[in-house]
Amino acid sequence: MHLDTTVIHAGHPPVHEPGAFLPGPLFAATYVLPGDPANQPYTYGRFANPTWSAWEAALTALEGGPAVAFPSGMAAISAIFATVLRPGDVVVLPADAYYTTRLLAQGWLAELGVKVRLAPTRGDAQGDLLDGARLLWLETPSNPELHVCDIAALSARARAAGALVAVDNTTLTAALQQPLALGATFSVASDTKMLTGHADLLLGHVATASEEWHQKLRTWRTQGGAIPGPMETWLAHRHLQTLGLRLARQCDNAEALVACLRSAPAVQAVYYPGNADAAAGRLLGTQMKRAGCVVSFDLGTRSRAEAFLGACTLVREATSFGGIHSSAERRARWGADAVGEGFIRFSCGAEATDDLLADVTQALAAAVRAG
Ligand SMILES: *Cc1c(COP(=O)(O)O)cnc(C)c1O
């Protein structure tokens, strides 16, 4: 069955069961529980919740391995760090990993005595640092320059070196790229972004093919207490049903935007998986079904970038990405990425392609006028 079809039905009650298509959120701190609790699925609100169960069933169908839901992407990422890494262990991270992932590793993990090695995503450079490593962390495409690495090749090298592999799959989601099928131990994502796509909630999850790691992650959540709220979980499950539709339009828009930017004189460079990198191009259509909704480009100067953002009428200036509303920002305003002053990260929404391109085109003209 096509993944789009699976996702529309995943985690729902059986087709012939009377009742709501997707039963609403169930709010419970505790459950009425007479007698022996041993065989009761729902005992106390931190242990389990039927709304999480439905959401996790959907994520499991999407990922191809059992999933555990967390209240944010960072809660999911820190759950892997906390269950896998011990003092003296080595973790190999992308030098261009999501900023907070890097901060957490170089702060909390380093203080615990975990050694952190960094290498760029591009060129599978992390593969050269695997000697003695416990965990290889990948993020492909990376942010905000959208470099790509080969998950299957790096997973094989990690396995040979005795290391586990985690892939931060936030940007593409498992609908476009399946880390577990490519050999990763963990597929982790911020569901705040493309997966739910409405800019109205934060969530995250970890899927793993290993029953042992799945149980450890569940125990970590129960004991550590980082649990998702039923309302967010239910909203996320609603949003998930349109993932295939959203991705189709948003990837179409990204591809059209790349073509438009490449012929625009104001644009000095365009970053999109497979755009200028032959190795990444080979992974398009194999590792990744499509290259996702995020496009980055460089307008050279801060004043041009600010003029561009100010002139857009459909594009909101906001951080984050993956939503149905197009958004963009000048990344250098955070001071966290090694990018130029005119570098823009653009998240293509689900607007009609012609409208989006017309808006970008007039905003680029305004940027040129700004000098
Ligand atoms: C946003 C993001 C995260 C963190 O997710 P939150 O839901 O904000 O905690 C992790 N990795 C990537 C690639 C992200 O874009």
Report summary line: Scanning the stretch 160-193 for residues that are within 12 Å of the ligand (Cβ to nearest atom) and within 18 Å of Q287 (Cα to Cα) gives A166, V167, D168, N169, T170, T171, L172, T173, V188, A189
Query raised in the report: Within the bounds of the stretch 12-32, is there any residue that is surrounded by 14 or more Cβ atoms within 10 Å (Cβ to Cβ) and acidic (D, E)?
Result: no
Query raised in the report: Of all residues in the stretch 97-139, which are within 16 Å of the ligand (Cβ to nearest atom), open to solvent by less than 40 Å² (accessible area, probe 1.4 Å) and part of a loop (DSSP other than H, G, I, E, B)?
Result: A97, T121
Query raised in the report: Are any residues in the stretch 33-55 in a loop (DSSP other than H, G, I, E, B), in contact (Cβ under 8 Å) with a residue 24 or more places away in the chain and either more than 11 Å from P230 (Cβ to Cβ) or open to solvent by 30 Å² or more (accessible area, probe 1.4 Å) (or both), and if so, which ones?
Result: R46, F47
Requested in this report: Could you tell me which residue of the stretch 327-362 is nearest to the chain's Cα centre (by Cα), considering only residues that are away from the ligand (no atom under 16 Å from the Cβ) and within 22 Å of L203 (Cβ to Cβ)?
Outcome: G349
Query raised in the report: Counting residues that are in contact with a Leu (Cβ under 6 Å, 6 or more places away or on another chain) and at pLDDT 95 or above, which helices (runs of 4 or more DSSP H) fully inside the stretch 197-304 reach at least 2?
Result: 230-240, 243-262
Requested in this report: Name every residue in the stretch 230-252 that is under 23 Å from S78 (Cα atoms) and out of contact with any helix residue (DSSP H, G or I) (no Cβ under 9 Å at 6 or more places or on another chain), in order of residue number.
Outcome: E232
Query - Test set (1) crowded, with 20+ Cβ neighbours inside 10 Å; (2) closer than 28 Å to S72 by Cα; (3) in contact with an Asp or Glu (Cβ under 7 Å, 6 or more places away or on another chain) - L283 fails condition number - result: (2)
Report summary line: When (1) in contact with an Asp or Glu (Cβ under 7 Å, 6 or more places away or on another chain); (2) over 29 Å from F47 (Cα atoms); (3) within 16 Å of the ligand (Cβ to nearest atom); (4) among the polar types (S, T, N, Q) are applied to Q250, the one that fails is (1)
Report task. Among what's in the stretch 194-228 and is surrounded by fewer than 22 Cβ atoms within 10 Å (Cβ to Cβ) and within 24 Å of H9 (Cβ to Cβ), pick the residue that is nearest to the ligand (Cβ to nearest atom). Result -> L201
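Determine whether A125 is out of contact with any His (no Cβ under 6 Å at 6 or more places or on another chain), under 20 Å from G64 (Cα atoms) and either in contact (Cβ under 8 Å) with a residue 40 or more places away in the chain or among the hydrophobic types (A, V, I, L, M, F, W, C) (or both).
Working: out of contact with any His (no Cβ under 6 Å at 6 or more places or on another chain): yes; under 20 Å from G64 (Cα atoms): no; either in contact (Cβ under 8 Å) with a residue 40 or more places away in the chain or among the hydrophobic types (A, V, I, L, M, F, W, C) (or both): yes.
No.
The values are calculated or read from the model by the stated rules, or taken from the named source; none is laboratory data. This is a predicted model, so every value here is computed, not measured. For neighbour counting, all protein chains shown are included, and Cβ atoms are generated from backbone atoms with ideal geometry for every residue, glycine included. These area figures cover heavy atoms from the full protein model, side chains too; ligands, DNA and RNA do not enter into them. Shrake-Rupley method; radii C 1.70, N 1.55, O 1.52, S 1.80 Å.
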